[in-house]
Amino acid sequence: ASKMLASSVQSRLIYATRANNRGVRSADFYVIKNAECPAILVEIGFLTHPIEAQMLKNANYLERVSYGVASGITAYLSEIASP
């Protein structure tokens, strides 16, 4: 379920932001490994990258990021609710 949620959020986040698609990855992070429900970590940029750092200061870009994440979650919930 977490992989399906991650894919849904990733695709909509890339669509909303036109960011570089680095794909969905998995790791043994405690916060996702031990969750009792679908769980993902979303990385929206690197503060150490000059261009990405500027984008993360931009309210319009952050709005698109928020929309992409919310849209991905909504799509995932709709998909699992479908018979």
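The values are calculated or read from the model by the stated rules, or taken from the named source; none is laboratory data. The model shown is predicted, which means the values in this text are computed figures rather than measured ones. Reconstructed Cβ throughout: ideal geometry from the backbone, glycine too, with neighbour counts over all protein chains shown. Areas reflect the complete protein model, heavy atoms only, side chains present, ligands, DNA and RNA absent. Shrake-Rupley method; radii C 1.70, N 1.55, O 1.52, S 1.80 Å.
Figures for the structure shown
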{"read-out": "Contact order relative to length of the chain, as percent, for alpha carbon pairs under 8 angstrom and 6 or more apart", "value": "47 percent"}
{"read-out": "Mean shadow area of the chain, taken as a quarter of the surface of its Cα convex hull (nm²)", "value": "6.0 nm²"}
{"read-out": "Folded to 0 to 90 degrees: helix 59-81 orientation relative to the chain principal axis, Cα", "value": "10 degrees"}
{"read-out": "Computed lengthening from Asn60 to Ala75, 0.36 nm per intervening residue step minus Cα-Cα distance", "value": "3.2 nm"}
{"read-out": "Electrostatic dipole magnitude of the chain [Cβ: Lys, Arg +1; Asp, Glu -1; Cα centre; debye, to 20]", "value": "200 debye"}
{"read-out": "Simple spin-label estimate for Ala39 and Ser82 in nanometres, 7 Å along Cα-Cβ", "value": "2.8 nm"}
{"read-out": "Length added when fully stretched, Leu47-Val24, from 0.36 nm per residue minus Cα-Cα", "value": "6.3 nm"}
{"read-out": "The chain, accessible surface, carbon-and-sulfur percent (1.4 angstrom probe)", "value": "57 percent"}
{"read-out": "Phi to ³J(HN,Hα) by Karplus 6.51 cos²θ - 1.76 cosθ + 1.60 over the range 22-38, Hz, x for Gly, Pro", "value": "9, x, 9, 10, 10, 7, 8, 6, 3, 5, 9, 5, 9, 6, 8, 9, x"}
{"read-out": "Accessible area per residue in Å² at 1.4 Å probe, computed on the range 8-66", "value": "79 Å²"}
{"read-out": "Trypsin sites (Lys or Arg not before Pro), loop per DSSP, at most 12 other Cβ atoms within 10 Å - longest free stretch of the chain", "value": "26-56"}
